[in-house]
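Q: One structure follows; several queries about it will come next.
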Protein chains: 2
Amino acid sequence: MENEITSAESIVKIEKRLRYISGMIKQNGRKILHNYPITSPQFVALQWLLEEGDLTIGELSNKISLAFSTTTDLVDRMEKNELVERIRDDKDRRVVRIHLLDKGKVIIHEVIEKRQEYLQEVLDGFSPEEETILNEMLDSLYSRMKQVNEK
Amino acid sequence: MENEITSAESIVKIEKRLRYISGMIKQNGRKILHNYPITSPQFVALQWLLEEGDLTIGELSNKISLAFSTTTDLVDRMEKNELVERIRDDKDRRVVRIHLLDKGKVIIHEVIEKRQEYLQEVLDGFSPEEETILNEMLDSLYSRMKQVNEK
DNA sequence: CGCTTTAGCTTAGTATAACAAATTTTCATC
DNA sequence: GATGAAAATTTGTTATACTAAGCTAAAGCG
């Protein structure tokens, strides 16, 4: 059963807040990446590789919601910088698996740490109760968005 | 006085949630913009112009956290597509004010509406109480981030 | 006034990102 | 083995994004 419709006014407010927050996060992300030899899309890709292990071009493209050809170029540049390497699958020679190299691993770990420090600082302004609520909220938001996006 | 330090584990979890959610929003945004003749950065710029009224290149650059020259190019393309126009300030001939044109206004309104419909759908899964909590949470997050970013 | 500095924006130059369409290579299947 | 499909890449084009250099108008100052 669906709940009552949220007022339009409320939606506008929430949309605005989300936009401002995402602007803040973007701004902070820029500041951090400025000290590292990777770009924002590269960061996203590397983080997925760290989290999921080796991924094919297709899998990575889906994770980061980009066209195959965009991902190919992205990987080209990261390979040139020795952040990752391509490994041809022995069973299926069509498939290329992207593997995180040490240099990439060090960088991505450091950047993630900086981001976590930032988050830590933000959350220092929260009580433990608020933090619990935030966690639950993000969980709900995520699973609900997943539902809606998959429709 | 600061609250107790959030556990590292919790931070990791929250970071991950935020990342997933922003991925979802990005994915949905792409889907919507696909039907309109504007790009994602252009959308952001137009939305600020709608919200704030005419802005100078400098003001707009700050709003969207981009270099002046990037904004100049962005405005060039939007001007070519008749979404906005440049108006020289009469008092101070150095200043250029970016003004939203009708075509741009129609597009930005429609895109915002689509985004709000999406948010509406997401929030339909929430009870009024949850929604109130969400609102408060976003408020806290925003003001706290602003504090931290300005340090 | 005449000079320098500053502010606001644009240009130039380069690298990256993003996509659609065409192509290549390999696999699966008939 | 021919044919079609799948996975990546290449091609071609446009948009984003930055730094550094340049331009023009305003402001400050002797």
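Q: Restricting attention to segment A:3-42, and to residues there that are under 19 Å from B:M145 (Cβ atoms) and touching a residue at least 24 places away in the same chain (Cβ under 8 Å), which single residue is nearest to DNA strand C (Cβ to nearest atom)?
A: Our first condition is that a residue be under 19 Å from B:M145 (Cβ atoms); within segment A:3-42, this holds for A:13-34, A:40.
Remaining after also requiring touching a residue at least 24 places away in the same chain (Cβ under 8 Å): A:28-29, A:32-33.
Details: A:N28: 18, A:G29: 12, A:I32: 15, A:L33: 10 Å.
Among those residues, the one meeting the criterion is A:L33.
Q: Taking the stated definitions as given, is B:P41 open to solvent by 30 Å² or more (accessible area, probe 1.4 Å), under 25 Å from B:H99 (Cβ atoms) and over 14 Å from the mean Cα position of the chain (by Cα)?
A: No: the conditions fail for B:P41.
Q: Then there's this: Which number in (1) farther than 19 Å from B:I21 by Cα; (2) exposed (fewer than 13 other Cβ atoms within 10 Å of the Cβ) marks the one condition that A:T71 misses?
A: Going through the list (1) farther than 19 Å from B:I21 by Cα; (2) exposed (fewer than 13 other Cβ atoms within 10 Å of the Cβ), A:T71 breaks only (2).
Q: Then there is this: Can you tell me how many residues within segment A:64-93 are within 14 Å of chain B (Cβ to nearest Cβ), part of a helix (DSSP H, G or I) and not hydroxyl-bearing (S, T, Y)? I'd like the intermediate steps shown before the answer.
A: The initial filter retains those residues of segment A:64-93 that are within 14 Å of chain B (Cβ to nearest Cβ), namely A:64-67, A:70.
With part of a helix (DSSP H, G or I) added as a condition, the list becomes A:64, A:70.
After this cut, where a residue has to be not hydroxyl-bearing (S, T, Y) as well, the list is A:64.
Qualifying residue count, segment A:64-93: 1.
Q: Which number in (1) open to solvent by 30 Å² or more (accessible area, probe 1.4 Å); (2) away from DNA strand D (no atom under 13 Å from the Cβ) marks the one condition that A:M24 misses?
A: Status for A:M24: all satisfied but (1).
Q: Same structure, new question: For segment A:90-108, name all the residues that are touching a residue at least 12 places away in the same chain (Cβ under 8 Å) and within 13 Å of DNA strand D (Cβ to nearest atom). Walk me through how you get there before you give the answer.
A: Going through segment A:90-108, the residues touching a residue at least 12 places away in the same chain (Cβ under 8 Å) turn out to be A:95-101, A:103-105, A:107-108.
Across segment A:90-108, the qualifying residues are A:V95, A:V96, A:R97, A:I98, A:H99.
Q: In segment A:44-52, is there at least one residue being more than 9 Å from every other protein chain (Cβ to nearest Cβ), part of a helix (DSSP H, G or I) and without any contact (Cβ under 8 Å) to a residue 24 or more places away in the chain? Working first, answer last.
A: As a first pass, look at segment A:44-52 and keep what is more than 9 Å from every other protein chain (Cβ to nearest Cβ): A:45-46, A:48-50, A:52.
Next cut, part of a helix (DSSP H, G or I) only: A:45-46, A:48-50, A:52.
From what's left, without any contact (Cβ under 8 Å) to a residue 24 or more places away in the chain: A:48, A:52.
Yes, because at least one residue in segment A:44-52 is more than 9 Å from every other protein chain (Cβ to nearest Cβ), part of a helix (DSSP H, G or I) and without any contact (Cβ under 8 Å) to a residue 24 or more places away in the chain.
Q: Are any of the residues in segment B:6-13 surrounded by 15 or more Cβ atoms within 10 Å (Cβ to Cβ) and within 13 Å of DNA strand D (Cβ to nearest atom)? Explain how you work it out, then say what you get.
A: Filtering segment B:6-13 for residues surrounded by 15 or more Cβ atoms within 10 Å (Cβ to Cβ) gives B:6, B:10-11.
Next, from what is left, pick out any that are within 13 Å of DNA strand D (Cβ to nearest atom): none.
Looking for residues that are surrounded by 15 or more Cβ atoms within 10 Å (Cβ to Cβ) and within 13 Å of DNA strand D (Cβ to nearest atom), one finds none in segment B:6-13, hence no.
Q: Could you please find all residues in segment A:44-68 being more than 16 Å from B:Q27 (Cβ to Cβ) and surrounded by 19 or more Cβ atoms within 10 Å (Cβ to Cβ)?
A: A:L46, A:Q47, A:L49, A:L55
Q: Provide a single number: the residues in segment B:95-118 that are assigned to a helix (DSSP H, G or I), away from chain A (no Cβ under 13 Å) and surrounded by fewer than 16 Cβ atoms within 10 Å (Cβ to Cβ).
A: Residues flagged as assigned to a helix (DSSP H, G or I), away from chain A (no Cβ under 13 Å) and surrounded by fewer than 16 Cβ atoms within 10 Å (Cβ to Cβ) within segment B:95-118 amount to 5.
The values are calculated or read from the model by the stated rules, or taken from the named source; none is laboratory data. Model, not experiment: these values are computed from the prediction. Note: ideal-geometry Cβ built from the backbone for every residue, glycine included; neighbour counts use all protein chains shown. Note: areas computed on protein heavy atoms with side chains; ligands, DNA, RNA excluded. Shrake-Rupley method; radii C 1.70, N 1.55, O 1.52, S 1.80 Å.
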